[in-house]
Amino acid sequence: MNLFVLNRKSKEEILVERLKKNDTLAQKELYEQSSKKMLSICRSYIEDMHYAEDCMINGFCKVFNHIQKFQGKGSFEGWMRRIMVNECLTFLRANKTLIYVDDVRVANYDEIDDDIEDTWLNFNVQEVLDQLSEPYRLVFNLHILEDYSHQEIAEMLNISVSTSKTQLFRAKAKLKEIVLSKKKMTNEK
């Protein structure tokens, strides 16, 4: 009895192989299928849409130029996402002075109710995030959306771990304030 085991490659694996061969149609295909999501990621870090688009385009250039470094371990989208985030952080470092509040000790960083996250998702998330200061938004995005640890964030942003925790605490507090205000305005209508 002959049993054939077919090793089928996923569409993503085939696309990556084509990208590694510098196939311009594969590059176009990847851009068309991923650009909205990658722009959304960039936009969550950079308030100005034009700069966010620049970061996304630069990010795609890096994806195409460094595709040989993708070893197939983990998600390809996750690998691209990391490149986009790093591109945004590079942009922010080069073009802005980010000011972080130093290591203010907060008794309990988890004091802000996480149930607020369920409430704020009822609003335009980007609009709510845009109301945070850049340092708050960066730490919030890196920790909550990208799942980086405070140690990783501290290294990426050249701040202390406690400053990262403080920024996250203050970002959550500000988000709670924004959401409760929006909720109150919505209920008054």
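The values are calculated or read from the model by the stated rules, or taken from the named source; none is laboratory data. If you're wondering where the values come from, they're calculated on a predicted model, not measured in any experiment. Cβ placement follows ideal geometry from the backbone for every residue including glycine, while neighbour counts extend to all protein chains displayed. Just so you know, the surface numbers come from the protein's heavy atoms only, side chains and all, with ligands and any DNA or RNA stripped out. Shrake-Rupley method; radii C 1.70, N 1.55, O 1.52, S 1.80 Å.
Would you be able to say whether some residue in the stretch 15-36 is closer than 18 Å to Glu146 by Cα, of a type in the set (D, E, K, R) and touching a residue at least 24 places away in the same chain (Cβ under 8 Å)?
For the stretch 15-36, residues closer than 18 Å to Glu146 by Cα, of a type in the set (D, E, K, R) and touching a residue at least 24 places away in the same chain (Cβ under 8 Å): absent.
Could you please tell me which pairs satisfy a Cβ distance under 9 Å, a separation of 6+ or placement on different chains, a first residue in the stretch 133-147 that is over 14 Å from Leu89 (Cβ atoms), and a second residue that is among the acidic types (Asp, Glu)?
Final answer for the pair search is Ile144/Glu117.
For the stretch 141-152, give me the residue count where each residue is more than 16 Å from Arg81 (Cβ to Cβ) and touching a Leu at 6+ places or on another chain (Cβ under 8 Å).
Going through the stretch 141-152 one residue at a time, the tally reaches 1.
Could you list all residues from the stretch 16-53 that are open to solvent by 50 Å² or more (accessible area, probe 1.4 Å), in contact with a Leu (Cβ under 7 Å, 6 or more places away or on another chain) and more than 18 Å from Asn95 (Cβ to Cβ)?
If the condition is that a residue be open to solvent by 50 Å² or more (accessible area, probe 1.4 Å), in contact with a Leu (Cβ under 7 Å, 6 or more places away or on another chain) and more than 18 Å from Asn95 (Cβ to Cβ), then Glu29 is the only one that fits.
Quick one: count up the residues across the stretch 63-76 that are under 18 Å from the mean Cα position of the chain (by Cα) and either buried (at least 17 other Cβ atoms within 10 Å of the Cβ) or acidic (Asp, Glu) (or both).
Count: 2.
Pairs please, first residue from the stretch 67-95 and closer than 18 Å to Asn158 by Cα, second anywhere and open to solvent by 10 Å² or more (accessible area, probe 1.4 Å) and assigned to a helix (DSSP H, G or I), Cβ atoms under 6 Å, 6+ apart in sequence or on different chains.
Glu87/Asn58
In the stretch 151-170, is there at least one residue being open to solvent by less than 10 Å² (accessible area, probe 1.4 Å) and touching an Asp or Glu at 6+ places or on another chain (Cβ under 8 Å)?
yes
Condition check ((1) at pLDDT below 90; (2) touching a Ser or Thr at 6+ places or on another chain (Cβ under 9 Å); (3) not in a loop (DSSP other than H, G, I, E, B)) across all residues:
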site: Leu142; (1), (2), (3): no, yes, yes
site: Ala171; (1), (2), (3): no, yes, yes
site: Leu175; (1), (2), (3): yes, no, yes
site: Val179; (1), (2), (3): yes, yes, yes
